[in-house]
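A.B. asks: Before I ask anything, here is the structure I am working with.
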Amino acid sequence: MNARQSVTRMVWLLCLVGGPAFAACPERSISIAGVTEVAGRETALSISLVGTGNENGLSFSLSFDPARLTYLGQTFGAGAAGTSLFVNTNQVSLGELGLMVAKPAGQSFAAGSNELARINFLLSSSAATTTVSFADAPLGREVVDAYANVLCANYSNAQVVITPQRFRMSF
């Protein structure tokens, strides 16, 4: 089985098991790191998994205010070496972004903290505080092991603080 077949199989398995897994779960968490940045600038939000080492794939969606944050793209996180990253941008203009991150069949993320992805945004030109939260559309929240068994996980949202631009006057 080649890598492409493995990824395709993982996607189908994630679709077949159904139902989100976001019950209280002390051993596994997925979080978005909050940021504070100046209005009008680009910023990146880091998404990380703290796990036990048996996690093979994850899917989730992010919900954000598109009037405050403009989606620019994504990059692999430092802990996502050897993974496939699928992104659903069909509803990004509504502030909904879906992501699926998967290791090849039979492999798992290392135990501990793994940065999965960095989501890039352009901040609005006015100061504000806004939330980026986990959601279940367009992709539901789910974590699976190498056998496509659903694993529980906790999800932590983030605040994005957009500070006013400071203008320097010169004479």
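A.B. asks: When you look at Ser133, is it under 15 Å from Ile30 (Cα atoms) and either open to solvent by less than 60 Å² (accessible area, probe 1.4 Å) or of a type in the set (D, E, K, R) (or both), yes or no?
C.D. replies: Yes: the conditions hold for Ser133.
A.B. asks: Taking the residues in the stretch 45-56 that are crowded, with 18+ Cβ neighbours inside 10 Å and in contact with a Phe, Trp or Tyr (Cβ under 9 Å, 6 or more places away or on another chain) as candidates, determine which candidate is farthest from Asn149 (Cα to Cα).
C.D. replies: Here the answer is Leu45.
A.B. asks: Applying the selection to the stretch 27-63, what residues are outside any strand (DSSP E or B) and within 12 Å of the chain's Cα centre (by Cα)?
C.D. replies: The answer is Ala33, and nothing else.
The values are calculated or read from the model by the stated rules, or taken from the named source; none is laboratory data. Treat the numbers as computed from the prediction; the structure is a model and nothing was measured. Methodologically, a virtual Cβ is constructed for each residue, glycine included, from the backbone with ideal geometry; neighbour enumeration extends over all protein chains shown. These accessible areas exclude ligands, DNA and RNA; they are computed on the full protein's heavy atoms, side chains included. Shrake-Rupley method; radii C 1.70, N 1.55, O 1.52, S 1.80 Å.
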